[in-house]
Structures are given as C-alpha cells and as structure tokens.
Amino acid sequence: MGIKVENLTVKIKNRVILNNLNFEIPTGTFSVFVGENGSGKTTTIKSILGLQQSKYTNVTLMGKNARDYRAREQVAYMPDDQEFLAISPRTWLIEQNAYYGISKTEVNKRIDVLAKKLNFPEKELNSKLNKLSAGLKKLILIINVFVSERELIIMDEPTEFLDPIMRNNFFKVAAEYQKRGTTFFVSTHNLDEIEKYANHLTVIKDAKIAFSGYWNNSTTSMRRRYELFYKTGDMNYFTKTISLTNEQRYRKLLKNNHINEKEFEMLMKDINARKEAKKTFVLVEENQDK
C-alpha cells in the first residue's frame, strides 16, 4: 500500500480540522485528493508526513511506519508554496537531493533531462531562484521531486500557477514516472485536467473522508461527479455509471432543489446536442455504406 491512514485527527485551539480520517492509497496509482478550500487537504498531507502535530492509530508510507526514517527516504514531497533564498535553482536542487544521497553529477544530469522535458529555460537554472516567476518556481518544485526518483510522490497543488503548456508537460512526465511504478498522491482543484491521468480519488468534506477509492470514469467527468456529490451528498456518484442523457435523473435533481432551472436547461441542451451528434454520426455511416 502506498499510503495507509487510520484514525487521523487534528485539533487546533479546540477546533476539529480533521476528524478521524481513514483512507488508503494503493501502490502504483495516480491518486487525487480533492475538497473545498479550507477542507483540510494540506493539513492531511502535512500530518502524514509528520509536519503537523496530530493524533492517529497508524500511518504507513510504502508499507513502513511513517515515523520511521526509512519510510521518509522513499517519499518526495512538494509543498504548495515555498520561500526561496537568493541562490540558483541548480544549486538548490543539488542541496535538496543530497538528503537522498544522490551525487552532484547525477543530480545535474537529471536536472538537464527534466528541464528539457518540462520546457524550463536553461539560462534560468543559474539565475536567482527568489527572482523567478511563480510558474517557474513551481516548476523547480516539480523538478525537485522528479529528480529524487522516490517510490511515493506527494504533491500539494502542483499545477497552480502553471500555464497550459507547463501543465501538459508536467502530466506527460508524471505519466512516465507512473509507468515505472511511482505512486502519486496529489491534491488539486483542477479536476478537468487531472482526470485524464488519475485512476484513484479521495474526497474530504466537513473534516471527514467522504470517499476514497477507484472511480468509474466511463461516462461522466470527475468534475461533474464531484459537483453532484456536493449538491446531493450522495457519494455513489463516484462509483456508479451515470448516464449523461438520463433526463429523469436531472429532473429529480431539479425537483429536490439540488440544481436550479438554469442548470437544468444547460444539462438538457447538452443531452439534445449529444442526440443530434449521434444522429449525424449515424447518417454519415449510412452514407459511407452506400
């Protein structure tokens, strides 16, 4: 198991931030961690890494107790933000990966390969890290976890501040690492993009885990399932097949005030558009057969 969390609780000044969380992240998955702003995603990540004071029965990373230094040696962590000193990105990356015992020569070699794949400007590798744009700083944090080549990569909002090309390059490299067997646990708000790569989902709501498991992505997007869940509270939306052309389901949501008239009209337009597209496809096929 990549990550296993049992009975994780965090209280700050008598306020419950995390309430008895239990979830598992299978080895080799690209698992996304989603929830509203302030729902506790970052606190959860920091807690399982020992960076946040918390109480729990058990937390394991790649099968080892999270309190064991050998567990941390298998993990690369990317925070959502970090303050940088006035040193070069290359120097910072070398220093960071010395922790894992990777030689300066090997780190430089990996930096050059990754900088090219992620389209990071070569000249900026020797500039002042604290002077870089928000997008380039984020890329350096991404390069750092990839350079380490750990079995488990935990990332907090990795695509924030990245432009479309940067995001596309990030996902391509992440896919390469996943094919090698790397496990990803990634918090994000960008469901439309990440669902192309994710095969496992964990949802946090009201300080508790609402859902954690493999999700059925055969028909409806992850974003739509997530929206329906937050409107209805029905976590089955993450596991069952939902027909996008199920007019009765949308009418039921409208009746129960889970969606408004405008949303219903938009959904019905989508249904009709799909019907027309299907008719056109059939006509084209019939004409080709003649």
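The values are calculated or read from the model by the stated rules, or taken from the named source; none is laboratory data. Treat the numbers as computed from the prediction; the structure is a model and nothing was measured. A quick note on method: Cβ atoms are made from the backbone with ideal geometry, for glycine too, and the neighbour counts reach across all protein chains shown. Please note that ligands, DNA and RNA were not included when accessible areas were found on the heavy atoms of the full protein model with its side chains. Shrake-Rupley method; radii C 1.70, N 1.55, O 1.52, S 1.80 Å.
For segment 130-172, the tally of residues that are closer than 30 Å to MET62 by Cβ and either in a helix (DSSP H, G or I) or of a type in the set (Asp, Glu) (or both) stands at 24. Filtering segment 255-266 to residues that are modelled with pLDDT of 70 or more and either closer than 17 Å to GLU227 by Cβ or open to solvent by less than 60 Å² (accessible area, probe 1.4 Å) (or both) leaves ASN260, GLU261, LYS262, GLU263, PHE264, GLU265, MET266.
Filtered by the rule that a residue be free of Cβ contacts under 8 Å to residues at least 12 places away in the same chain and within 19 Å of ARG150 (Cα to Cα), segment 6-55 gives LYS46, LEU51. None of GLN53, GLN82, GLN74 is within 22 Å of GLY135 (Cα to Cα) and polar (S, T, N, Q) except GLN82. For TYR69, the conditions (1) of a type in the set (Ser, Thr, Tyr); (2) without any contact (Cβ under 8 Å) to a residue 12 or more places away in the chain; (3) in contact with a helix residue (DSSP H, G or I) (Cβ under 9 Å, 6 or more places away or on another chain) are fulfilled apart from (3).
Any idea which residue in segment 200-218 is farthest from the chain's Cα centre (by Cα), counting only those that are open to solvent by 60 Å² or more (accessible area, probe 1.4 Å) and at pLDDT below 85? This residue is SER218.
Across segment 163-172, not a single residue is classified as of a type in the set (A, V, I, L, M) and either free of Cβ contacts under 8 Å to residues at least 24 places away in the same chain or surrounded by 20 or more Cβ atoms within 10 Å (Cβ to Cβ) (or both). Do we have any residue at all in segment 141-156 that's in contact with an Asp or Glu (Cβ under 9 Å, 6 or more places away or on another chain), free of Cβ contacts under 8 Å to residues at least 60 places away in the same chain and surrounded by fewer than 22 Cβ atoms within 10 Å (Cβ to Cβ)? No: zero hits. Scanning segment 1-13 for residues that are in a strand (DSSP E or B) and in contact with a strand residue (DSSP E or B) (Cβ under 8 Å, 6 or more places away or on another chain) yields ILE3, LYS4, VAL5, GLU6, ASN7, LEU8, THR9, VAL10, LYS11. Among residues of segment 173-192 that are more than 13 Å from VAL32 (Cα to Cα), those with a beta-carbon under 8 Å from a residue that is among the aliphatic types (A, V, I, L, M) and assigned to a strand (DSSP E or B) at least six positions away or on a different chain give the pairs TYR177/ILE153; THR182/LEU152; THR182/ILE153. Summed over segment 118-169, residues that are closer than 13 Å to ARG90 by Cα and aromatic (Phe, Trp, Tyr) total 1.
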